[in-house]
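*Asks:* This is the structure I want to talk about, given as structure tokens.
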Number of protein chains: 2
Amino acid sequence: MKIGIIGIGLIGGSFALALRRGRALGDARLIGIDRDVGALDAAQALGVIDECASFAAVSTCDALMIAVPVRQIPAVLAEILPHLRSETVVTDAGSTKQDVIVAARLAFGGRIAQFVPGHPIAGRERAGVAAADAGLFDGKHVVLTPIPENTAQSVERVRSLWQGCGARVVEMLAETHDAVFAAVSHLPHLLAFALVDELASRPNAKTLFSFAASGFRDFTRIAGSSPEMWRDITLNNRDALLRELDTYEAQLSKLKRALLARDGDALEKLMARARHARDQWMAGELDGFPDEAT
Amino acid sequence: MKIGIIGIGLIGGSFALALRRGRALGDARLIGIDRDVGALDAAQALGVIDECASFAAVSTCDALMIAVPVRQIPAVLAEILPHLRSETVVTDAGSTKQDVIVAARLAFGGRIAQFVPGHPIAGRERAGVAAADAGLFDGKHVVLTPIPENTAQSVERVRSLWQGCGARVVEMLAETHDAVFAAVSHLPHLLAFALVDELASRPNAKTLFSFAASGFRDFTRIAGSSPEMWRDITLNNRDALLRELDTYEAQLSKLKRALLARDGDALEKLMARARHARDQWMAGELDGFPDEAT
């Protein structure tokens, strides 16, 4: 068995290391494909992949993981198609799903059934294969958003790859996926980037930052993420993210009204609800949360 | 020498432990005063204070630290005044300063010179004397916001107490203090509380929180803070905080316009500026930041 990994960065590299650690695939060979020759060399030097190859090697692979930045996925899909055997299953690790599916339909046409979209909910601030970690996916969610054309068998193959990496695989609609991650990931990233940029551009920024403390450090940790990656995620999930921004602005307006009215009760209740919800979540106790279908 | 500490919680208890550790005061006695008898008993059992006392003991103290929630400071000031010797210096640890100074002027009247306002920039999520830590202030800023009536000697005494705790003492105008902390602390807290509350109240909250990951965890850590304390801080620094909210909303509108226009360049530039600023700050390199007087 041969598994091709296109894009040997943090995610592709960790996928390779986790697969090998899990040994779910016996003596499967891991083929690295990357436009960045330096990354391939590093990956081979680190023992992350067995061999590096060009896109032509796609024809020898039984499964393909596309772990490139979301914006590059359409080009990669077009590039692999001429080499793709009909029994090879292709999956991806993109942070947004509806746009990737649109791109895959365009690129693959009648062969779209071979593409099973996925998204591992794991990451690091540091990028690149040097940061790859066999345990990156342990106990973490991987969301698959199968399309109607996928066979149960294809979905199962992708699922078992991720389970071999130690991940917990769940399935949902691509639209649900994008809405959920707009709320719990993309919006917070945008809010953190927005705050740091706004404060850093003020005439007294030096004073402000010299008094910023640990609360600010943690609140803004995600503003240390890759601008290229997050530009793409925010553009690719634009509509869901704009809805989230609207909702959040309405919530801020509510808070402003409470402040203007000096309504300590409303402020304290909101804060107490937030703290309680976060405490429950941190304790892994989600039973008290509203649970209507998304 | 006797030092009275009114309010033996995390801050008051840590102040006592740090003073004793520092031994800057030789054999000074630390007197705990707290309406909560349980807290006093715990503080004595933990060896945090030498003795506990009622407000009448204020007359025996050379210095007083008021480390109660900001909202309780006016009542404490009124309660200590009848027992206060004219040579005793009084300071506080409140997170907002202009409002505390107004309250102190009201309570102390002609004796206002004895009150030197202060704010240690240190904290924990856990409250109470059991969480007190002799190292809580090590290398942390303590901001003093002296008023015109304070003598240089009074300010120096408060400064040396905090330096004895391992803190770095700086002075600024109360107005500057409140503006700075509205931006780098109070606004982020409000933003985090707002996000968690909003998401937790949705019909699909259970799904949302089950996919929230480490970025969300860190972004919202400060939403685990005390609702009572943050209700008071946000109310007491209301005007500065409302200005910060307006500025932040304008920044979000800018981001929304960039998203609507699919302006990837503008998004990436903003994110890159934010990441760069945060990297510089984390590295302790503030020389590149704008530095106009606040």
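The values are calculated or read from the model by the stated rules, or taken from the named source; none is laboratory data. Given the structure is predicted, the values throughout are model-derived calculations rather than measurements. Quick reminder, even Gly has a Cβ in these numbers, built from the backbone with ideal geometry, and neighbours come from all protein chains shown. Surface areas here come from the heavy atoms of the whole protein model, side chains and all, with no ligands, DNA or RNA. Shrake-Rupley method; radii C 1.70, N 1.55, O 1.52, S 1.80 Å.
*Asks:* Any idea which of (1) in contact (Cβ under 8 Å) with a residue 60 or more places away in the chain; (2) open to solvent by less than 30 Å² (accessible area, probe 1.4 Å); (3) over 17 Å from B:Thr88 (Cβ atoms) is the one B:Ala130 doesn't satisfy?
*Replies:* Of everything listed in (1) in contact (Cβ under 8 Å) with a residue 60 or more places away in the chain; (2) open to solvent by less than 30 Å² (accessible area, probe 1.4 Å); (3) over 17 Å from B:Thr88 (Cβ atoms), B:Ala130 misses just condition (2).
*Asks:* Would you confirm whether any residue within the range B:223-240 is closer than 19 Å to A:Pro203 by Cα and in a helix (DSSP H, G or I)? First the steps, then the outcome.
*Replies:* Residues of the range B:223-240 that are closer than 19 Å to A:Pro203 by Cα, as a first pass: B:240.
Those still in the list that are in a helix (DSSP H, G or I) too: B:240.
Within the range B:223-240, one or more residues are closer than 19 Å to A:Pro203 by Cα and in a helix (DSSP H, G or I).
*Asks:* Still on this structure, please answer the following. Out of all the residues in the range B:37-63, which are closer than 23 Å to B:Leu161 by Cα and exposed (fewer than 15 other Cβ atoms within 10 Å of the Cβ)?
*Replies:* Those that are closer than 23 Å to B:Leu161 by Cα and exposed (fewer than 15 other Cβ atoms within 10 Å of the Cβ): B:Gly47, B:Glu51, B:Ser54, B:Ala56, B:Ser59, B:Thr60.
*Asks:* Also, I was wondering about something else. Consider only pairs whose beta carbons are under 6 Å apart and that are at least six residues apart or on different chains; among these, list those whose first residue lies in the range B:58-75 and is touching a residue at least 60 places away in the same chain (Cβ under 8 Å) and more than 17 Å from B:Arg105 (Cβ to Cβ) and whose second residue is open to solvent by 10 Å² or more (accessible area, probe 1.4 Å) and not in a helix (DSSP H, G or I).
*Replies:* Here the result reads B:Asp62/B:Met1; B:Asp62/B:Lys2; B:Ala67/B:Ala93, each pair linking the range B:58-75 to a residue that is open to solvent by 10 Å² or more (accessible area, probe 1.4 Å) and not in a helix (DSSP H, G or I).
*Asks:* Here's another thing I want to ask about it. For residues that are open to solvent by less than 30 Å² (accessible area, probe 1.4 Å) and under 23 Å from B:Phe108 (Cβ atoms), scanning just the range B:173-191, find the one that is farthest from the other protein chains (Cβ to nearest Cβ).
*Replies:* Kept after step one, since they are open to solvent by less than 30 Å² (accessible area, probe 1.4 Å), are these residues of the range B:173-191: B:174, B:176-178, B:180-191.
Okay, now just the ones that are also under 23 Å from B:Phe108 (Cβ atoms), so B:174, B:176-178.
Working: B:Ala174: 14, B:Thr176: 8, B:His177: 9, B:Asp178: 12 Å.
Checking each candidate, the answer is B:Ala174.
*Asks:* If you check B:Glu156 against the conditions, is it of a type in the set (Asp, Glu), part of a helix (DSSP H, G or I) and within 11 Å of chain A (Cβ to nearest Cβ)?
*Replies:* Values: of a type in the set (Asp, Glu): yes; part of a helix (DSSP H, G or I): yes; within 11 Å of chain A (Cβ to nearest Cβ): no.
It is false that B:Glu156 is of a type in the set (Asp, Glu), part of a helix (DSSP H, G or I) and within 11 Å of chain A (Cβ to nearest Cβ).
*Asks:* Now for a different question. Which pairs turn up if I take residues in the range A:258-285 that are outside the structural domain of A:Tyr248 (by TED's automatic domain parsing) and look for partners that are of a type outside the set (Phe, Trp, Tyr) and open to solvent by 60 Å² or more (accessible area, probe 1.4 Å) with beta carbon separation below 7 Å, at least 6 apart in sequence or on another chain?
*Replies:* The qualifying pairs are A:Glu268/B:Glu228; A:Gln280/A:Gly288.
*Asks:* For the range B:163-172, which residues satisfy the criterion of being buried (at least 19 other Cβ atoms within 10 Å of the Cβ) and touching a Pro at 6+ places or on another chain (Cβ under 7 Å)?
*Replies:* Matches in the range B:163-172: B:Ala167 only.
*Asks:* Specify which of the listed residues (A:Ala258, A:Ala240, A:Ala274, A:Ala250) is modelled with pLDDT of 95 or more, more than 28 Å from A:Val70 (Cβ to Cβ), more than 7 Å from chain B (Cβ to nearest Cβ) and surrounded by 17 or more Cβ atoms within 10 Å (Cβ to Cβ).
*Replies:* Values: A:Ala240 fails: more than 28 Å from A:Val70 (Cβ to Cβ); A:Ala274 fails: more than 7 Å from chain B (Cβ to nearest Cβ); A:Ala250 fails: surrounded by 17 or more Cβ atoms within 10 Å (Cβ to Cβ).
That would be A:Ala258, the only listed residue that is modelled with pLDDT of 95 or more, more than 28 Å from A:Val70 (Cβ to Cβ), more than 7 Å from chain B (Cβ to nearest Cβ) and surrounded by 17 or more Cβ atoms within 10 Å (Cβ to Cβ).
*Asks:* Kindly indicate the residue of the range B:71-129 that is among the β-branched types (Val, Ile, Thr) and out of contact with any strand residue (DSSP E or B) (no Cβ under 7 Å at 6 or more places or on another chain) and also farthest from the other protein chains (Cβ to nearest Cβ) among those meeting that condition.
*Replies:* Restricting attention to the range B:71-129, the residues satisfying the condition of being among the β-branched types (Val, Ile, Thr) are B:73, B:76, B:80, B:88-91, B:96, B:100-102, B:112, B:116, B:121, B:129.
After this cut, where a residue has to be out of contact with any strand residue (DSSP E or B) (no Cβ under 7 Å at 6 or more places or on another chain) as well, the list is B:96, B:101-102, B:112, B:129.
Numbers: B:Thr96: 14, B:Ile101: 19, B:Val102: 15, B:Ile112: 26, B:Val129: 21 Å.
The qualifying residue farthest from the other protein chains (Cβ to nearest Cβ) is B:Ile112.
*Asks:* Now a separate question. Among the residues of the range B:192-209, which ones are open to solvent by less than 10 Å² (accessible area, probe 1.4 Å) and not acidic (Asp, Glu)? Let's see the steps before the verdict.
*Replies:* The first filter runs over the range B:192-209 and keeps only residues open to solvent by less than 10 Å² (accessible area, probe 1.4 Å), leaving B:192-197, B:199, B:205, B:208-209.
Within the range B:192-209, B:Ala192, B:Phe193, B:Ala194, B:Leu195, B:Val196, B:Leu199, B:Ala205, B:Leu208, B:Phe209 qualify.
*Asks:* Regarding A:Gln153, is this residue surrounded by fewer than 19 Cβ atoms within 10 Å (Cβ to Cβ), assigned by TED's automatic domain parsing to the domain that holds A:Arg23, under 24 Å from B:Leu208 (Cα atoms) and not small (Gly, Ala, Ser)? If you could, list the steps in order and put the result at the bottom.
*Replies:* Numbers: surrounded by fewer than 19 Cβ atoms within 10 Å (Cβ to Cβ): yes; assigned by TED's automatic domain parsing to the domain that holds A:Arg23: yes; under 24 Å from B:Leu208 (Cα atoms): no; not small (Gly, Ala, Ser): yes.
Answer is no for this residue.
*Asks:* Considering only residues that are within 22 Å of B:Ala131 (Cβ to Cβ), in contact with a Gly (Cβ under 7 Å, 6 or more places away or on another chain) and either modelled with pLDDT of 95 or more or not in a strand (DSSP E or B) (or both), which ones fall in the range B:45-72?
*Replies:* Within the range B:45-72, B:Val48, B:Ile49, B:Met65, B:Ile66, B:Ala67, B:Val68, B:Val70 meet the criteria.
*Asks:* Can you confirm whether A:Asp263 is among the acidic types (Asp, Glu), open to solvent by 50 Å² or more (accessible area, probe 1.4 Å) and more than 7 Å from chain B (Cβ to nearest Cβ)?
*Replies:* Numbers: among the acidic types (Asp, Glu): yes; open to solvent by 50 Å² or more (accessible area, probe 1.4 Å): yes; more than 7 Å from chain B (Cβ to nearest Cβ): yes.
Spelling it out, A:Asp263 is indeed among the acidic types (Asp, Glu), open to solvent by 50 Å² or more (accessible area, probe 1.4 Å) and more than 7 Å from chain B (Cβ to nearest Cβ).
*Asks:* Just need a number here: residues in the range B:210-230 that are farther than 30 Å from A:Glu292 by Cα and open to solvent by 40 Å² or more (accessible area, probe 1.4 Å). Reasoning before the result, please.
*Replies:* In the first step, residues of the range B:210-230 are kept if they are farther than 30 Å from A:Glu292 by Cα; the result is B:228-230.
Adding the requirement that they be open to solvent by 40 Å² or more (accessible area, probe 1.4 Å) leaves B:228-229.
Number of matching residues: 2.
*Asks:* Which number in (1) over 26 Å from B:Ala240 (Cβ atoms); (2) at pLDDT below 95; (3) not polar (S, T, N, Q) marks the one condition that B:Pro82 misses?
*Replies:* Looking at each condition in turn, B:Pro82 falls short on (2).
*Asks:* If you go through the range A:208-258 one residue at a time, how many are among the hydroxyl-bearing types (Ser, Thr, Tyr) and either over 27 Å from the mean Cα position of the chain (by Cα) or under 19 Å from B:Leu208 (Cβ atoms) (or both)?
*Replies:* Let us first name the residues in the range A:208-258 that are among the hydroxyl-bearing types (Ser, Thr, Tyr), namely A:210, A:214, A:220, A:225-226, A:234, A:247-248, A:253.
Filter once more, so that each one left must be either over 27 Å from the mean Cα position of the chain (by Cα) or under 19 Å from B:Leu208 (Cβ atoms) (or both): A:210, A:234, A:247-248, A:253.
Within the range A:208-258, residues that are among the hydroxyl-bearing types (Ser, Thr, Tyr) and either over 27 Å from the mean Cα position of the chain (by Cα) or under 19 Å from B:Leu208 (Cβ atoms) (or both) number 5.
*Asks:* Check off (1) among the polar types (S, T, N, Q); (2) touching a helix residue (DSSP H, G or I) at 6+ places or on another chain (Cβ under 8 Å); (3) facing chain A (nearest Cβ under 7 Å) for B:Ser210 and give me the number that stays unchecked.
*Replies:* (2)
*Asks:* What are the residues in the range B:161-195 that are farther than 15 Å from A:Ala213 by Cβ and part of a strand (DSSP E or B), if any?
*Replies:* Here is the first cut: in the range B:161-195, the ones farther than 15 Å from A:Ala213 by Cβ are B:161-166, B:169, B:171-176, B:178-179, B:190-191, B:193-195.
Passing the criteria: B:Val169, B:Glu171.
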